[in-house]
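> My questions all concern the structure below.
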Amino acid sequence: MLSNIQKILKSQAGMSLIEILIALTLLALAGTFVGGKVFEQLQEGKVSSAKIQIKSISDRLKEFRRDCNFLPTSDMGLDALINKPEGGRECKRYAPGGYIEGGKVPLDPWDSEFIYESDGKTFEIKSLGADNAEGGEGSDADISSKDI
């Protein structure tokens, strides 16, 4: 019985170094393709998340306008959604606790602050995207409340 097992083990040919290298190369190519797709999906998810955040902040600004009859100006910034603005126009019906839960304006998915511009009547909220610079394409493109 033991000799049969030894014969079987001796007759089994192992993989040559070239065969192992070819297999590793194929695995690396497949991994690169899959990794690229995963990274692409991650970036698309961040863009979608930024759009959702901008929409949510826009909704909070509209609540502020309903209560106060004006929008926070660029000088007041998005901080007006957390802390009652001091100086300038006064909001007599400011919501206790502010308009954003947690007492902090969220950062965009790339950990940068949203850009808020307003004249008190209209507003725009922007994220500069993955590159954190004006312009860009793909995940580097700016995302604006005016485009959502």
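> Can you give the calculated 222 nm mean residue ellipticity of the chain, where each DSSP H run of n ≥ 4 adds -39,500 (n - 2.57) and the sum is split over every residue, rounded to the nearest 500 deg cm²/dmol? Don't jump to the answer; show the numbers that get you there.
On the way: 2 runs with 62 residues, N = 148.
My calculation for the chain gives -15000 deg cm²/dmol from helical runs alone.
> Could you give the semi-axes, largest first, of the ellipsoid that matches the chain, computed as the square roots of 5 times the alpha carbon gyration tensor eigenvalues and rounded to whole Å? Intermediate results must be reported in sequence, preceding the final value.
On the way: eigenvalues 717, 60, 19 Å².
After scaling each eigenvalue by five and taking roots: 60, 17, 10 Å.
> Another one. Please work out the FRET efficiency for the pair residue 58 and residue 38, using the Cβ-Cβ distance as r and a Förster radius of 35 Å; give the result to the nearest 0.05. It would help to have the intermediate numbers written out before the result.
On the way: r = 31 Å, r/R0 = 0.88.
Efficiency, rounded to the nearest 0.05: 0.70.
> Next up: How high is the relative contact order of the range 21-147, given as a whole-number percent (alpha carbon pairs under 8 Å, six or more residues apart)?
Values: 153 pairs, mean separation 29.2, N = 127.
Computed value for the range 21-147: 23 percent relative contact order.
> What net charge is computed for the residues neighbouring residue 58, neighbours being all others with C-beta under 15 Å from the C-beta of residue 58, Lys and Arg scored +1, Asp and Glu -1?
Details: positive: 51, 55, 60, 62, 65, 66, 121, 126, 146; negative: 59, 63, 108, 117, 124, 147.
Surrounding charge for residue 58 is +3.
Bear in mind that the values in this text are calculations on the coordinates, not laboratory data. Note that the coordinates shown come from a computational prediction; the quantities given were computed from them, not determined experimentally. Methodologically, a virtual Cβ is constructed for each residue, glycine included, from the backbone with ideal geometry; neighbour enumeration extends over all protein chains shown.
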